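The next block holds one structure in the form of structure tokens; read it before the comments.
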Amino acid sequence: MEFALVLPLLLLLLLGIIEFGRIFNAYLIVTSASREGARYGAAGASDSEIVAKVKDAVMILDEDKVTVTITPSQSYRVRGTEIKVTVEYPVPLYDPIVSQLVGNPVVVRGETVMRVE
């Protein structure tokens, strides 16, 4: 009888941990991809090359859902200025209870600023 009362709470906790792990994994990948894109851009790459580098770096995520924003544009980047690469990715949640609590999808965002060399 006690197990029947506690089981729904244990399942909710377990599914919440799994969803948090998926979101955190996507966050780490997106942050790393933004860092690689900013480093590539700081070395003098064009906007299209930066986007290609970021999409290569997202590994297991769906490349079509990745949004890359680069500021300033390529024509305004000169030595000593900063380049900012922002990468966003929507993580769909599979658990209906957790998705009602935090919203579905959860958008993870990574942003890196580096000085142009």
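FYI, it's all coordinate maths here, none of it is from the lab. Everything numeric in this text was worked out from a predicted model, so none of it was measured. No Cβ is skipped: glycine too gets one built from the backbone with ideal geometry, and neighbour counts run over all protein chains shown.
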Scanning the stretch 90-117 for residues that are surrounded by 15 or more Cβ atoms within 10 Å (Cβ to Cβ) and either under 25 Å from residue 44 (Cα atoms) or of a type in the set (S, T, N, Q) (or both), the one farthest from the chain's Cα centre (by Cα) turns out to be 116
Tell me the residue from 75, 99 that is over 30 Å from residue 13 (Cβ atoms), part of a helix (DSSP H, G or I), out of contact with any Cys (no Cβ under 7 Å at 6 or more places or on another chain) and polar (S, T, N, Q), please.
75
Checking residue 56 against (1) under 30 Å from residue 11 (Cβ atoms); (2) not β-branched (Val, Ile, Thr); (3) not in a loop (DSSP other than H, G, I, E, B), the condition it does not meet
(1)
Which residues, counting only those in the stretch 77-86, are buried (at least 16 other Cβ atoms within 10 Å of the Cβ) and either more than 23 Å from residue 37 (Cβ to Cβ) or touching a Lys or Arg at 6+ places or on another chain (Cβ under 7 Å) (or both)?
83, 86
